[in-house]
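The values are calculated or read from the model by the stated rules, or taken from the named source; none is laboratory data. Keep in mind it's a predicted model, so treat the numbers as computed, not measured. Neighbour counts are summed over all protein chains in view; Cβ atoms, including those assigned to glycine, are modelled from backbone coordinates with ideal geometry. Surface accessibility is based on the protein's heavy atoms, side chains included, excluding ligands, DNA and RNA. Shrake-Rupley method; radii C 1.70, N 1.55, O 1.52, S 1.80 Å.
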Amino acid sequence: MTAQQVEDGSASLREFGLEARNRFSQGAGSREVQLYVGCVLRQEGSHLYSGSTYLVQLTPDGRVFIHAKNMALSGRLLNRLIYGAILRALEIDVAGLQDDPAALTAAFLEAAGRDGGEFNVPAISGASGYAAVYFSRNFRLPIVLLAGFDLDESHLVEEEIDYGIPAVTARDVVDRETLKAFVTQAGEAFLNQQKGGDLSATSKARVALRDPKGPWRHGSVYLYVLDLTSNIILFHGAFPDRYELRPLVATVRDVVTGKLVLPQVIEAAKSSPEGGFVDYYFDDPTDDTDSADIPKVGYARQFTGQREREDGTVLPINFIVGSGFYGRAADVAPGPSTVVEATVLGGAVEGLDVAFSRAVAGRGSDYAWSAVTDAAGLLSLTISSADGVSGYYRARATNPDGDVVGQWSSIPLNEGRRQSLELTLGGSARVVRVVSLDTSEPVAAAKPAFAAEAAPEASGLSPNSPNPFNSATLITYHLSGTGPVTLVIYNVLGQPVRTLVDESRPAGSYQVRWDARDDTGAMLSTGVYIARLSYPGGVATQRLLYLK
């Protein structure tokens, strides 16, 4: 019997509930199988979840353990009136058993041998469904299984939360040292909890760890737990319904390097007994305050142990706990660098604060590297990043009063180089000399000019940045002469999906941002796309890789 059969009327809720109960009773023996079952239980469209028919699991004290539709409710306590109706449907009389855990467990185990029954609380909207009990061989305790109960916030009660007393709270995380301490204490507490095997305590901990008013979550700082035995996300402090009991699938990429972030997190966690850090750039689409120009500093650590069961068997424990914070350019570990020496030309050039920022699609400008000009308008600074520094940059100059007096764009810089620039306050930027940092010898074929108003030697496309990209990419093209130009994005079938440029333009270099949408505004699917530039006398193409 499947959830879909209940939806189309070919099976009863009772038949579906009993089928699910029997599957859980027979199959969920090991920890990894239990987590796998929980993962399948959460997959809408599976045999266990279709439309309004899904399953909810409760611990014997009436606390939500797994909620197929909304894991954000897991750990919460069910309304006592509703839970009383569920217990009556299960033929469990808890009167006088609250102070006798062994007797209470025995009553639930007896219920596991029966078929369960339907429950209904007319006074509470939607409080109805089918209930049964099964014995979890993994957790060594009975679990209440509910089918057809569309359990929401109104069916739960508020309770006092025990947050513990963390030495370093999420609000305290401001650098690598505090981040490491925050994750370490959380991991050790979680490990001790797992060793104890108290499922109700684990469920209550979920509530404490993801409460934005508590000490374990603040802004962009939250915890996550990755189970390495089952390869499933065991806990997510910020977005439990999106990620908890979902497979570990690497999809998020660093927008600068193009590398998948999850494998780096796992590698860092295993790199030493104390874990490790990961630096990356990513625009979190769920956070309106975030952008790809804000560096992310993550820390993850692996914890291992074992839980001894009452029957003498041993349950291995192997998970990763991690967290992170939004940093500044200075928070990112040092890496490849380039030296910039610039001369600002114009009037009143002494004492200007000239700041540089990477020009990457999807990012704002953070202007993380800066220096002050001397009386001759000269300045020198080093740009360094763990993810490499080669690319296009923006720059701006502000006077001592804080007024912006000059701005420049499309400045090409390469790591391992000492580059001399001329920056006019009118907005033009010129590369006048490039030498290797290792040899101080001029770099062959270094072009002195890359100002937007200068006519390029040849028309064509430059590599888009970033590539691959996951939100937007910047496409740069050059025109050696004036004339009509079109820039169109095609899919791999050769079908045009977006026209970015279709007009006559003068000679020069241009940049166009493409946000992976078609001409109707609809988001396109992951895959390879082709940018095709048509200009007087020729055509140029560029391969673009879009990864969500």
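Does segment 255-272 include one or more residues that are at pLDDT 80 or above, touching a helix residue (DSSP H, G or I) at 6+ places or on another chain (Cβ under 6 Å) and not polar (S, T, N, Q)?
The answer is no; no qualifying residue exists.
So L315 fits all but one of (1) part of a strand (DSSP E or B); (2) at pLDDT 80 or above; (3) more than 15 Å from the chain's Cα centre (by Cα); (4) not charged (D, E, K, R); what number is the exception?
The single condition L315 does not satisfy is (2).
Show the residue pairs meeting these rules: Cβ distance below 6 Å; 6+ apart or different chains; first residue within segment 388-399 and closer than 22 Å to Q511 by Cα and part of a loop (DSSP other than H, G, I, E, B); second residue of a type in the set (S, T, N, Q) and open to solvent by less than 10 Å² (accessible area, probe 1.4 Å).
Matching pairs, first to second residue: V389/T338.
Filter segment 224-279 down to residues that are in contact with a strand residue (DSSP E or B) (Cβ under 6 Å, 6 or more places away or on another chain) and part of a helix (DSSP H, G or I) and give me whichever is surrounded by the fewest Cβ atoms within 10 Å (Cβ to Cβ).
The extreme case among them is K270.
Among the numbered criteria (1) surrounded by fewer than 21 Cβ atoms within 10 Å (Cβ to Cβ); (2) at pLDDT 90 or above; (3) closer than 21 Å to F16 by Cα; (4) hydroxyl-bearing (S, T, Y), which one does S136 miss?
(2)
Pull up segment 36-51, narrow it to residues that are at pLDDT 85 or above and either closer than 19 Å to I86 by Cα or not in a strand (DSSP E or B) (or both), then point me to the one that is nearest to the chain's Cα centre (by Cα).
In this case the residue turns out to be Y49.
Is it the case that S128 is modelled with pLDDT under 90 and over 24 Å from P273 (Cβ atoms)?
When the stated conditions are applied, S128 does not pass them.
Identify all residues within segment 48-60 that are over 13 Å from N79 (Cβ atoms) and either open to solvent by less than 10 Å² (accessible area, probe 1.4 Å) or touching a strand residue (DSSP E or B) at 6+ places or on another chain (Cβ under 9 Å) (or both); write none if there are none.
To start, the set of residues in segment 48-60 that are over 13 Å from N79 (Cβ atoms) comprises 48-57, 59-60.
Listed by number, the residues that qualify are L48, Y49, T53, Y54, L55, V56, Q57, T59, P60.
Of everything in segment 7-17 that's open to solvent by less than 30 Å² (accessible area, probe 1.4 Å) and in a helix (DSSP H, G or I), which residue is farthest from A112 (Cα to Cα)?
Ranking the qualifying residues of segment 7-17, first place goes to F16.
Would you check which residues across segment 85-125 are over 29 Å from L315 (Cβ atoms), in a loop (DSSP other than H, G, I, E, B) and either modelled with pLDDT of 85 or more or small (G, A, S) (or both) and list them?
Hits for segment 85-125 are E91, A95, G96, D115, V121, P122, A123, I124, S125.
I'd like to check something: does segment 199-219 contain any residue that is open to solvent by less than 40 Å² (accessible area, probe 1.4 Å) and under 15 Å from the mean Cα position of the chain (by Cα)?
Within segment 199-219, not a single residue is open to solvent by less than 40 Å² (accessible area, probe 1.4 Å) and under 15 Å from the mean Cα position of the chain (by Cα).
So in segment 63-105, with the set limited to residues that are among the hydroxyl-bearing types (S, T, Y) and surrounded by 21 or more Cβ atoms within 10 Å (Cβ to Cβ), which one is nearest to P122 (Cα to Cα)?
Y83
Before we move on, is A208 closer than 29 Å to G62 by Cβ, modelled with pLDDT of 85 or more and either assigned to a loop (DSSP other than H, G, I, E, B) or of a type in the set (G, A, S) (or both)?
yes
So which strands (runs of 3 or more DSSP E) are wholly in segment 468-513 and hold at least 1 residues that are in contact (Cβ under 8 Å) with a residue 60 or more places away in the chain?
Hits in segment 468-513: 473-479.
Within segment 148-192, track down each residue that is outside any helix (DSSP H, G or I), crowded, with 16+ Cβ neighbours inside 10 Å and free of Cβ contacts under 8 Å to residues at least 40 places away in the same chain.
Hit for segment 148-192 is V168, nothing else.
In segment 526-543, what count of residues is obtained for those that are open to solvent by less than 70 Å² (accessible area, probe 1.4 Å), modelled with pLDDT of 85 or more and either closer than 16 Å to Q495 by Cα or of a type in the set (S, T, N, Q) (or both)?
Qualifying residue count, segment 526-543: 5.
On the given criteria, is V168 touching a strand residue (DSSP E or B) at 6+ places or on another chain (Cβ under 8 Å) and either closer than 30 Å to G322 by Cα or not charged (D, E, K, R) (or both)?
So V168 fails the test.
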